[in-house]
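Here's the structure we're looking at; comments come further down.
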Number of protein chains: 4
Amino acid sequence: MQVGMIGLGRMGADLVRRLTRHGHQCVVHDVRPAAVAALQAEGASGADSLDAMMSMLKAPRILWLMVPAGAVEATLAQLTPMLSPGDIVIDGGNSSFRDGIRRGTELGEKNVHFVDVGTSGGIAGLTRGYCLMIGGEQDIVTYLTPIFRALAPGGNGGPGAANVAPSPNGHARDDDSATAEYGYLYCGLHGAGHFVKMVHNGIEYGMMAAIAEGLNILKQAGIGKHTHEVGAETAPLRNPEYYQYDFALPEIAEVWRHGSVIDSWLLDRIANALRKDPALDQFAGHVSDSGEGRWTLEAAIDEAVPAPVLSAALFSRFSSRGQAGFANQVLSAMRQEFGGHAEAAASSPSPSTPPAKDA
Amino acid sequence: MQVGMIGLGRMGADLVRRLTRHGHQCVVHDVRPAAVAALQAEGASGADSLDAMMSMLKAPRILWLMVPAGAVEATLAQLTPMLSPGDIVIDGGNSSFRDGIRRGTELGEKNVHFVDVGTSGGIAGLTRGYCLMIGGEQDIVTYLTPIFRALAPGGNGGPGAANVAPSPNGHARDDDSATAEYGYLYCGLHGAGHFVKMVHNGIEYGMMAAIAEGLNILKQAGIGKHTHEVGAETAPLRNPEYYQYDFALPEIAEVWRHGSVIDSWLLDRIANALRKDPALDQFAGHVSDSGEGRWTLEAAIDEAVPAPVLSAALFSRFSSRGQAGFANQVLSAMRQEFGGHAEAAASSPSPSTPPAKDA
Amino acid sequence: MQVGMIGLGRMGADLVRRLTRHGHQCVVHDVRPAAVAALQAEGASGADSLDAMMSMLKAPRILWLMVPAGAVEATLAQLTPMLSPGDIVIDGGNSSFRDGIRRGTELGEKNVHFVDVGTSGGIAGLTRGYCLMIGGEQDIVTYLTPIFRALAPGGNGGPGAANVAPSPNGHARDDDSATAEYGYLYCGLHGAGHFVKMVHNGIEYGMMAAIAEGLNILKQAGIGKHTHEVGAETAPLRNPEYYQYDFALPEIAEVWRHGSVIDSWLLDRIANALRKDPALDQFAGHVSDSGEGRWTLEAAIDEAVPAPVLSAALFSRFSSRGQAGFANQVLSAMRQEFGGHAEAAASSPSPSTPPAKDA
Amino acid sequence: MQVGMIGLGRMGADLVRRLTRHGHQCVVHDVRPAAVAALQAEGASGADSLDAMMSMLKAPRILWLMVPAGAVEATLAQLTPMLSPGDIVIDGGNSSFRDGIRRGTELGEKNVHFVDVGTSGGIAGLTRGYCLMIGGEQDIVTYLTPIFRALAPGGNGGPGAANVAPSPNGHARDDDSATAEYGYLYCGLHGAGHFVKMVHNGIEYGMMAAIAEGLNILKQAGIGKHTHEVGAETAPLRNPEYYQYDFALPEIAEVWRHGSVIDSWLLDRIANALRKDPALDQFAGHVSDSGEGRWTLEAAIDEAVPAPVLSAALFSRFSSRGQAGFANQVLSAMRQEFGGHAEAAASSPSPSTPPAKDA
């Protein structure tokens, strides 16, 4: 099929590459001419403007937006007047599902079809394939099947069922529509794709935090070797003899990848990182968060669904960027007011901060 | 009664002052001679050694230890050989209830009575009185009633029921043993006093954190005034128009003290602190924690009782001291591995860190 | 002043009573005629329709809405066409601050003044006075001062500084506008009152949960008395000797009210409840939550402020109503899949559920 | 090698099978004769008593204990008098690392070698191989290499590097001792194996909870279809139009297994379970927990390492078994005291519980 890709960042460029390899024709545009030129050199047709792109695409046009969530609205505002009835606009970025619902309605009024595609896989997706979670009108999504097959892992070897990677469960499906095992899925009406991707990212945050907390506990398992002074503000470590370990984190992350219950793609990633840099010294630990982790929590709150793990993971990221600072100052101020307690010194990276006595 | 006070720090010295004012005779000792001299000048009898103290006290001796939790064991080791059957040893500090159980047994084998007293009130206790949570043999605790009356709030005006502050609930008790309204309580056998004090401090941590988080949310309520750039790592604040406030935190803390549901002694403390220093700039926000917050969680775990709020409050304190650092580095490392994401910059104290896109 | 009160539920009726006692004239309306009649018997003027109320109020009219958050929009829709320029509409309920911002703008276009008042105090407010957090145009709020004085605790004895309850801190203010000590506060433009009340309720949730978790830990402190069988799914309680207590919760809640750090109005409430019903058997423990707890979290998320305690408190309420059910089924299903583990039996109210072995 | 296996439950029996397949000779014992007979039929040598087993094993004996954590102490007490210097005792169950340290010392005094092996893999381990985390004396662990090779995934095809499954990262090791890629690892001195296994299980809890919470949010994504009444205790769902989805959870869990960031062995498990029973109706959702989740938290507390995600996951399990019941009753009691609020009805499994107004 012919696809117009708008936005040639890390993800957009790789989508084009994977589509091209599977025989699809890509017309590409980006506000940075160099990004366009780079993909042109790899076989895509470059468009130096949205106008140009529109004239290069055959009706009904298929347009895939892969721009930052914050830029989708502006891009759509520019694009919409150029669209014709029957055209298909795909938002493959990390937009809120709420925007997907609205955009589906707004474009639908012009007889333009809107499809929201949650795209997971990161930089590994180029070779591994992407997991695609799709919302919109079902017949339009079905029409786009060749594109999703090319991008999803099941299509690694080219189009056709024969090349689809077998399910790890060895499960045979009679139903032709059982696309989940190929790595793409029609999830429901407008916004459904981004809703499912949103929750996916919420889970991702929780899994990442679980691994991170666990490795931190292993990292500090030698705390008993340090001596603590006894003071008015100090409760001594009761059993220093239990914390005399000096664990090799790269080896531990590696062994967990072989036969354990927590074997996972995220564990593969941290094993790789620890092999290269066992102390992770190159990282300051200020962790970004995408809108999707936040939106997952908002959905949980709207639905009255408890999400203590997903929220703890999100708040840890906020804290890693210093956002708890004032709350901590409040705590110190209260402790001084009621107990005359002086503040503790920051202990990073040393684990030996002595705990102190409260009133 | 005659009481030997060992340990004349902030708390021990004030206990002596309050006992003296209520007519009790105090013999005092501290490893710092100046601390002994100071209280001697206020009417206490100074002892320059534990030996001296023992000879100054009439049998059966009443000894009150008010030393750091980490120093109780060493002090008891020194003291125990000097004790006679019938003597009473009170641990008024922040020891673990587990130690109280053990010490009760060990001293009991020598016919020495051990009493554990959880003491809350901080530096305000001198004038306000202390809340005393008491464990040990019931008849021994009853024998010590005059001491507890002097220290607890109900005894402010001197001994005797007539001077006891009425219950805020206007509740009349027929039972003479209803001492809770005076501010002291026999809680049970050895360790019971420190167990109840431990949970008290756990609750304290939770309440403090609730106030701190709330004030932080108010503090950042003007975030919508700041502009955010749109980038690949950015999800825009969806509704900046909602976050245009510039709240006066000292006034808000003050108004909540008058008629609100969250009216509390801790709120009084932060209102005081904010009045003096609205930005709390003198505090870095590295918050100590006593053993009691930790032990409360351990008890919850042993009992299989969920304690999500108390644990979150404790962990926030750990994080405030940089103890989450390696976990955050792990998160950054994973994000770079799967998505090629660069780290965010730390945003403290600015609230405007842009959230970023995850894979 | 003359005030029209719309909504005569628990809170609305008590506001009328308190206003009336302070010499204000109240015109009252409710969809339930009996509620109107009851207050008419206490001296208010009853209006059997909004139309009637409008004609009974002198210009500029002051209208106080005290209806459920979910009914404010419909009431305003009915009311707005009847309003004249210069009229003042007060929303004293638990609306979202976002609605306050919008309503301020919408009514402002008709030259009607909108004031949002967060009102805390519950059923005790009638005698204790209410804590009022106020948003809107500052001159309008100043104009309404006599009403706020009557409702807030500082105005108990009538208008005038002499009757104002002294600050517990003994702090003297030179500034006449220091109203916080009277129990009411101008917080900022439209929505500011409900924003501050929202955060107040968020803190309230956290404080309540801290107390509840602590009391639960005390409640289960006798778990060591129960014997546990040893089985493949069981890890034994390591130290049953530590958990042999049988604590008297009503006495403990009472003693904490006298001199402790956690002395608070909420603790007063649970001490009252435990005195009447020590086991709290009349309560099933399905805990409601208002919109304000949810909105506090949404604000924290928008601001990137960590709120682990406030979120844990909210999620505990969701869970108390069974909302974690499916997540728990997922956990059980995973455990069966990987380890062949059968489910544990529910243990409520017994604390003796044996923990089991994971793979 | 010759191994004596004590304990033939699910795990012990499968370990024997896998050892036998790799050419090791197993002598087996269990308190249930039928379990012994079953494995005898598969080629193991049965011992009807520990005494018998001891005489069937050649010196130095290798004894592998695979009994419940709560039964290890009693088994060791029975076994120890029969041991000779040079014998090796392996604890492969889920014991606390603290016990491992103690047992290593105690047995070492008799010149018996103690090895603690954390064993992950569950019922899939028989074919997939087990992930082994090992503590003890390094030379003893090296001596046992053939056993660990047989049990770990790397040994699937028999002994020898040629049969080792390649690392997913395609990483070649020069170091012969790089055993982590085979699925077993020497972690350090006594207790190190169980420490690492303990943290592994802590991470497992967090990952499981992340998946469970996410699926629960998807499950309730149709909540907007239900109507809510407006009442004094109700804050309406602000945007029901956003929650109109009816997601197919089995398909979603499946699609995430193909190319997504959260691809993991645990996700495989829940995908399997959902395929068989999409509503998971056979599960009540009372989730057991092993000692290891608890011990992970205790280690975090001792080390002052924040573990908000791991603790939230553990507490969710406690709550699933009704252990939050009294805390919830406390919340309901407080709400009635201050606001006169009646309790909400439990809403499981319906997601439509109306939230209510707080004071």
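Data overview
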{"quantity": "Residue C:342-residue C:275 pseudo-label distance in nm [points 7 Å out on the Cα-to-Cβ vector]", "calculated": "4.9 nm"}
{"quantity": "Chain D, relative contact order in percent, only Cα pairs under 8 angstrom and at least six apart counted", "calculated": "12 percent"}
{"quantity": "Cα gyration tensor shape of the range A:61-120, rounded if a/c is under 1.5, else prolate or oblate by comparing a/b with b/c", "calculated": "prolate"}
{"quantity": "Antiparallel content of DSSP bridges confined to chain A, in %, to 5", "calculated": "20 percent"}
{"quantity": "Chain C: DSSP helices with Cα axial extent of at least 15 Å and average Kyte-Doolittle hydropathy no lower than -1.0", "calculated": "C:10-21, C:97-108, C:192-219, C:265-276, C:291-303, C:308-320, C:325-339"}
{"quantity": "Listed residues A:266, A:297, A:126, most fluctuating in chain A (Gaussian network, C-alpha, under 10 Å)", "calculated": "A:266"}
{"quantity": "Inter-chain shielding of A:192-205 (mean C-beta neighbours from other protein chains, 10 Å cut-off)", "calculated": "6"}
{"quantity": "Angstrom value of the Kirkwood radius, inverse mean 1/r, which spans all Cα pairs in chain C", "calculated": "23.6 Å"}
{"quantity": "Qualifying GluC sites (Glu not before Pro) in the range B:92-145, DSSP loop, other Cβ atoms within 10 Å at most 15", "calculated": "B:109"}
{"quantity": "Label 7 Å beyond Cα on the Cβ vector: residue B:81 copy-to-copy distances, nm", "calculated": "4.0, 9.6, 9.7"}
{"quantity": "Summed side-chain charge close to residue D:39 - residues other than residue D:39 whose Cβ falls under 13 Å, Lys, Arg +1, Asp, Glu -1", "calculated": "+1"}
{"quantity": "Carbon/sulfur fraction of accessible area - the protein assembly as shown, other protein chains in place, 1.4 Å, %", "calculated": "53 percent"}
{"quantity": "Relative counts (whole %) of C-alpha pair distances in the range C:212-337, using bins that are 5 Å wide", "calculated": "2, 8, 11, 13, 15, 19, 15, 10, 6, 1, 0"}
{"quantity": "Using a 7 Å Cα-to-Cβ projection, residue A:33 label spacings across copies, nm, ascending", "calculated": "8.1, 8.7, 9.1"}
{"quantity": "Innermost chain D residue relative to the axis carrying D onto B, by Cβ distance in angstrom", "calculated": "D:311, 2"}
{"quantity": "Accessible area that becomes buried as A packs against B, both chains, 1.4 Å probe, Å², nearest 100", "calculated": "7800 Å²"}
{"quantity": "Residue-normalised accessible area of the protein assembly as shown, given per residue in Å² at a 1.4 Å probe", "calculated": "32 Å²"}
{"quantity": "Fluctuation leader among B:182, B:143, B:205 - chain B, Gaussian network, Cα springs under 10 angstrom", "calculated": "B:143"}
{"quantity": "Test item: C:273-282 mean partner chain Cβ contacts at 10 Å", "calculated": "3"}
{"quantity": "Label 7 Å beyond Cα on the Cβ vector: residue C:279 copy-to-copy distances, nm", "calculated": "3.5, 5.7, 6.0"}
{"quantity": "Ordering of D:42-51, D:3-12 by burial proxy (mean other Cβ atoms within 10 Å per residue, highest first)", "calculated": "D:3-12, D:42-51"}
{"quantity": "Most mobile listed residue (A:29, A:258, A:190) in chain A, GNM with C-alpha springs under 10 Å", "calculated": "A:258"}
{"quantity": "Around residue D:113: net Lys/Arg minus Asp/Glu count, Cβ-Cβ under 14 Å", "calculated": "-4"}
{"quantity": "Cut-off 10 Å between beta-carbons: net charge of the residues surrounding residue B:268, Lys and Arg +1, Asp and Glu -1", "calculated": "-2"}
{"quantity": "Peptides B:62-68, D:30-36, D:15-21 ordered by average Cβ neighbours within 10 Å, highest first", "calculated": "B:62-68, D:15-21, D:30-36"}
{"quantity": "Anisotropy class of the protein assembly as shown from Cα gyration tensor, a/c 1.5 cut", "calculated": "oblate"}
{"quantity": "Cα coordinate range in the range C:24-103, projected on the principal axes (Å, largest first)", "calculated": "37, 26, 22"}
{"quantity": "Helix-only [θ]222 nm of the protein assembly as shown, DSSP H runs n ≥ 4, -39500 (n - 2.57) each, per residue, nearest 500", "calculated": "-13000 deg cm²/dmol"}
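The values are calculated or read from the model by the stated rules, or taken from the named source; none is laboratory data. If you're wondering where the values come from, they're calculated on a predicted model, not measured in any experiment. Positions of Cβ are backbone-derived with ideal geometry, glycine not excepted, and every protein chain shown enters the neighbour counts. Heads up: the accessible areas ignore ligands, DNA and RNA and are worked out on the full protein's heavy atoms, side chains in. Shrake-Rupley method; radii C 1.70, N 1.55, O 1.52, S 1.80 Å.
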